[in-house]
Amino acid sequence: MSYCDLHLHSTHSDGSLTPRELVQMALQKKLSAIAVTDHDTVSGVAEAKAAGAELQLTVLSGVEISVEYGSKTVHVLGYCFEGGEQGLREKLEILVRGRDERNAKIVGRLNELGIGITLEDVEAEARGNVVGRPHFANVMVRRGFVADFQEAFDRFLAKGAPAYFDRLRFLPAHAIAMIQEAGGIAVLAHPKFVPLREGETLDEVVRTLVDAGLKGIEAYYSLHDDRETREYLELAKRYGLLVTGGTDFHGAVKSEILIGSGLGALQVPAECASALLRAKDSPAE
Ligand code: AMP
Ligand code: ZN
Ligand code: FE
Ligand code: FE
């Protein structure tokens with residue numbers, strides 16, 4: 001059997017390895033295909049694909065978009081949008097502008113609270129990548145305003161804390177449509193973490209998303225147990241969805257998760273990648 005990993009984060013979002021390093025590591029692990037699925041950006045896709053072509057590994061284009069669901073978030077993966085990357089990139093830039101506005105509010109509030117850091121400090125910390133709250137936390141630790149990363153979140157940055165501000169997010173149907181318009185395939189990420197509302201079932205959520213154009217479900221995932229995986233495979237069958245899987249590898253950032261094998265035992269059949277590629281070639285099927 002050969003295996004793949006269709007959920008990887010690189011330095012283009014919050015992972016610690018570059019897209020090229022992900023390709024190299026996947027080859028070491030003898031995976032037969034990967035997708036780099038950075039949060040809300042496709043900026044790492046070209047490097048991943050170039051490295052895949054050079055080092056001979058199948059690399060699918062990918063992205064993971066956080067969407068608003070009730071007061072919480074759901075993650076939608078997009079795959080195989082070759083050719084539509086530019087359109088997707090432009091639409092995702094709206095999210096970066098939403099972040100810029102949010103980040104300015106965070107700095108303002110932190111300053112009011114006596115934490116003297118600037119937007120420039122945080123941008124330097126992000127080294128050209130999209131600025132996220134972890135960058136604020138790192139700067140706050142380094143300047144000695146807090147003892148550690150978690151204290152920065154607990155006292156200031158976490159949802160409900162004094163320097164928390166929400167950012168612009170798309171609705172699920174909007175993200176799915178964006179992926180489809182780019183010629184890609186929209187997949188529900190880690191269904192285990194869909195925040196169900198009171199009385200709501202995952203089946204109902206999936207049905208709604210299928211009506212909006214969802215084409216797949218990430219049944220294989222580092223933190224799904226066997227029972228959950230079976231449940232999601234069953235849902236895939238019921239709604240005629242493609243099955244995908246991946247580890248959500250972030251490198252040193254979440255070091256317990258390994259590329260290809262997750263917490264150790266995950267095996268995502270390479271057929272998941274092949275099926276996505278076939279679906280891309282013949283979208284009517
Ligand atoms: P952002 O996308 O800028 O809102 O930042 C989201 C990231 O912040 C997540 O991916 C986590 O890495 C981190 N994060 C969010 N909430 C917490 C929390 N309560 N404790 C620690 N880290 C958190
Ligand atoms: Zn991440
Ligand atoms: Fe996710
Ligand atoms: Fe992820």
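What the table below lists for this structure:
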item: Positions within region 33-43 being touching a helix residue (DSSP H, G or I) at 6+ places or on another chain (Cβ under 9 Å) and within 16 Å of ligand 1 (Cβ to nearest atom), in sequence order; result: 38, 40, 41, 43
item: Residue check for residue 252: touching a Ser or Thr at 6+ places or on another chain (Cβ under 6 Å) and outside any strand (DSSP E or B); result: yes
item: Residue tally, condition within 16 Å of ligand 1 (Cβ to nearest atom) and within 20 Å of residue 276 (Cβ to Cβ), over region 46-66; result: 3
item: Selection within region 158-188 - out of contact with any Ser or Thr (no Cβ under 8 Å at 6 or more places or on another chain) and of a type in the set (Gly, Ala, Ser); result: 158, 160, 161, 163, 173, 175, 177, 182, 183, 186
item: Residue list for region 1-25, filter: out of contact with any Gly (no Cβ under 7 Å at 6 or more places or on another chain) and buried (at least 22 other Cβ atoms within 10 Å of the Cβ); result: 4, 22
item: Within region 229-264, tally of residues that are under 17 Å from the mean Cα position of the chain (by Cα), closer than 17 Å to residue 33 by Cα and small (Gly, Ala, Ser); result: 4
item: Test: residue in region 74-85 that is in contact (Cβ under 8 Å) with a residue 60 or more places away in the chain and of a type in the set (D, E, K, R); result: yes
item: Search result, residues across region 230-285 that are surrounded by 15 or more Cβ atoms within 10 Å (Cβ to Cβ) and within 16 Å of ligand 1 (Cβ to nearest atom); result: 247, 248, 249, 250, 251, 254, 257
item: Qualifying residues in region 49-74 (those that are surrounded by 23 or more Cβ atoms within 10 Å (Cβ to Cβ) and within 16 Å of ligand 4 (Cβ to nearest atom)) - the one farthest from the chain's Cα centre (by Cα); result: 60
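Computed from the coordinates by the stated procedures, all read-outs in this text should not be read as laboratory data. All values derive from a computational prediction rather than experimental measurement. All Cβ positions, glycine included, derive from the backbone under ideal geometry; neighbour counts span all protein chains shown.
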